[in-house]
Structures are given as C-alpha cells and as structure tokens.
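Below: the structure, in structure tokens.
None of the figures in this text is laboratory data; all of them are computed from the coordinates on show. If you're wondering where the values come from, they're calculated on a predicted model, not measured in any experiment. Here the Cβ positions follow ideal geometry from the backbone for every residue, glycine too, while neighbour counts run over all protein chains shown.
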Amino acid sequence: MASWATLLPALLTGLPRAAAAEVSLPFVLVSDLDRASLAVGEGSWRSFLRYGELLLDDAAGGCDAAAERQQQHCPAPTRRYRVRMGREEELRSRHAYRGRGMELSDLALFGDPAELWSVCDSTGILHRLAGPLAAEGPRSVLPQRVLLDDGGTSHLPAKSEWMAVKDGLLHVGGHGKEWVSDGVIRGRGAEWVRVISAEGALQYQDWRERYGAIRNATGTSFPGYLSHEAVDWDAVHRRWVMAPRKAQASDVPGGYDDLADEQRGTNLLLQASEDFRTIRQTTVGSLEPAWGASGLRLLPAGADAGQARHALIVRSSEVGGSAQSSLGVFSVEDGQPMASSALWHPVGPRKYEGVAWLIDD
C-alpha cells in the first residue's frame, strides 16, 4: 500500500490534464452495537471494523498541450470522490461494566508509530487496536486507560463519544450536553474532555464554556440541546470541525425525550476557532430528522493553508430498534457535496460511530 507521503502530492495538486491516476485513501469504520454487543453465551462483547477506500475521481479539466503553449486559461479538474467498501473484521473483549462492553464510539490514529485507538462509551475503556496500519487486520484489543466521568473524580465511566488528535495529544470528548431527567439537570459529566499524551499522561478539561458557546451560536441552549459524536481538529486552519448528531432549538417545548430524540437529527456542520470565540455554521445535504453525524475525519490538507478542506462524514440512524449508517464527502467551507455519484453511500445494516484513515501522515 502506498505511503501517505506518496499519495499526498497526487491527491492535492491541481492535476493539469483530464486523465488522472486513481488515488485511494484507505479508511476503517468501527461499530457500536449498544446492547447487541454481547455475544450471548460466550462471556464476551464484540464490535466490528469495516474497511473501505475513498477514491479520488477528478472530472475533466485542464488544457491540451497547444492551449498551454498559448497560455490559455486552464480550468482545474473538478474534484470528486467515491466510496468502495471492503471486508469486515470482528473485535472481541471480555471487559464490561454493568453487563455492557465494546460499544466503540470512535477511532483515531494516535502515537508514534501511529496505531488505531478506540474508546468504549459504556465502560470508559480506551483501547489500542494493535496491528499493522497498512493491513486489514487482524487486530488485538488492548485496554490502555479507564476514562472516568466528570473531572476524573467520579467512580462512573465516561460516556465518550468522539476522538480527535490536536498537537500530538488525543482528545476524547463527551456529547456536550447536560444529563436531564424530568426537565431537571442531573449532571454535566458529558461536558468534559479527556486529553492523553503519547506517553500516557491523562488530563481532564472542562469544556462547558466551549460547548455553551456552540449552543449559543446555534440557538440550542438549555432547555434545547446539541449533541456531538463527530469532531476533528484542522491543524492547517487551527480550528475545530464538528458535525453535531442531534439538535433541539431552545424555544421548542418538551425538553429531552429518548423517543423524540430519534427524530432530532441535524445536518449542521460547524467550524470553531481554537478559543471558540468565532463559530461558523453551514449545512450538509438536506435535513432528514432520523439521521445525524456519528463520525468525521478531515481529508489531508495541502501545503497552501488557504485551500478548502473536505471531510468524510459518517451519519447514522436509530429508529425503533433499527440502525443503519452511510458515508458522504463535503466541503467544510460551504457544505457542498464532493461525491461523484450519490450524496450518501450506504455501508450496511450496522451502526457505525467512528472512522479513521489507515495511512499515517
């Protein structure tokens, strides 16, 4: 498999001619089966990895040799992507909390050398998925840390929903809204972010003000809400890119309700400055209330810091016990789709909640 350094120039340079070599970005998805993670009668819990490729598919553009000699304007190729799905791999663990385990909510490339990491939102266990990065498994599930609720003072495990690497540190965050029962705030553990260094040092950061700034900007302050499962850090523009999964406006009566939440998906795409003082928002695709983003990874950036970024987004639907997921590629700047065919590519009947590239930068 080609290295990241080999693929990057071909992927990000404006190709001058219509014919372009196919460029592949391999990725992997991880599933969260909720209570169905239990392998009945086997005393273990399971998740699944699903491998795939994102293929660069530049449409016709550029100039022929005669036009180049006359210094005519040469339109750049129209960048488009398509998805090709591959095999599936089962992961097993015997670690659980209150009868639940291996509900893996995201994936990230982390460490030196880089490896796949994942986090379970029922046990709070941060796992290293050991195995060759450039191969489609098999991988070993190796627990590394137990992440706790609130600021690390609770005995309860953290319900972690997203992962992102910023400045060499792994950030593992909650969904960013209050725990509410009967209209009353009962806890704020999901507003904390856990930060892990490559050496294993662990810090807890209170993101209540940061999440609050996003909710103020989107009109979802309490009793409304905004929940996050899809977050990445853009090192080129020094900003957070977030695609919230569920949203309810502050002025909508009723507050949080589990059943109603199934139909509160959102198509928001947000960019927040490092200090969260500047927040921009756009939308991706049309709003479909049963669907919301459950994973996001930025495509590689070019040398030009002004270049528009594209994001691979996983979206999921869970309605009435049925779950499914799909993939799409969108411009971070304006939310425009970058797919060469269908807006969303279905990836099977499972619910997938995380995505990572299989090539190290």
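Counting Lys +1, Arg +1, Asp -1, Glu -1, what net charge surrounds Ile196 among other residues with beta carbon under 12 Å of its beta carbon? Don't skip to the answer; put the middle values down first.
Numbers: positive: Arg128, Arg145, Lys166, Arg194; negative: Glu199.
So the environment of Ile196 carries a net charge of +3.
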Within the chain, excluding any trypsin sites (Lys or Arg not before Pro) found in a DSSP loop (not H, G, I, E or B) and having at most 12 other Cβ atoms within 10 Å, the longest uninterrupted segment runs 99-276
Taking Cα atoms only, helix 208-218 is inclined relative to the longest principal axis of the chain by an angle, in degrees rounded to 10, of 60 degrees
The answer for GluC sites (Glu not before Pro) in region 268-354 that fall in a DSSP coil and have at most 15 neighbouring Cβ atoms within 10 Å is Glu274, Glu333
Once Val195 and Val236 are pulled to full extension, the length gained, defined as 0.36 nm per residue separation minus their Cα-Cα distance, is 12.7 nm
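Over region 107-224, what lengths in whole Å, largest first, do the semi-axes of the equivalent ellipsoid take, defined as the square roots of 5 times the eigenvalues of the alpha-carbon gyration tensor? Walk me through the numbers on the way to the answer.
On the way: eigenvalues 167, 45, 33 Å².
Listed largest to smallest, the semi-axes of region 107-224 are 29, 15, 13 Å.
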Measuring from its Cα centre, the chain shows a charge dipole (+1 at each Lys and Arg Cβ, -1 at each Asp and Glu Cβ) which, in debye to the nearest 20, is 160 debye
The extension gain from Asn216 to Arg35, computed as 0.36 nm times the residue separation minus the Cα-Cα distance, is 61.8 nm
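So for region 163-217, Kirkwood radius off the Cα pairs, Stokes-Einstein at 4 °C and 1.567 mPa s: how many µm² s⁻¹? Kindly include the intermediate steps, with their values, before the conclusion.
Details: Rh = 12.2 Å.
Result for D is 106 µm²/s.
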At q = 0.09 1/Å the base-10 log of I(q)/I(0) from the Debye formula over the alpha-carbon atoms of region 4-357 is -0.49
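Normalise the Cα radius of gyration of region 262-361 by 2.2 N^0.38 Å (N = residues in it) and let me know the number.
Values: Rg = 14.4 Å, N = 100, 2.2 N^0.38 = 12.7 Å.
That ratio works out to 1.13.
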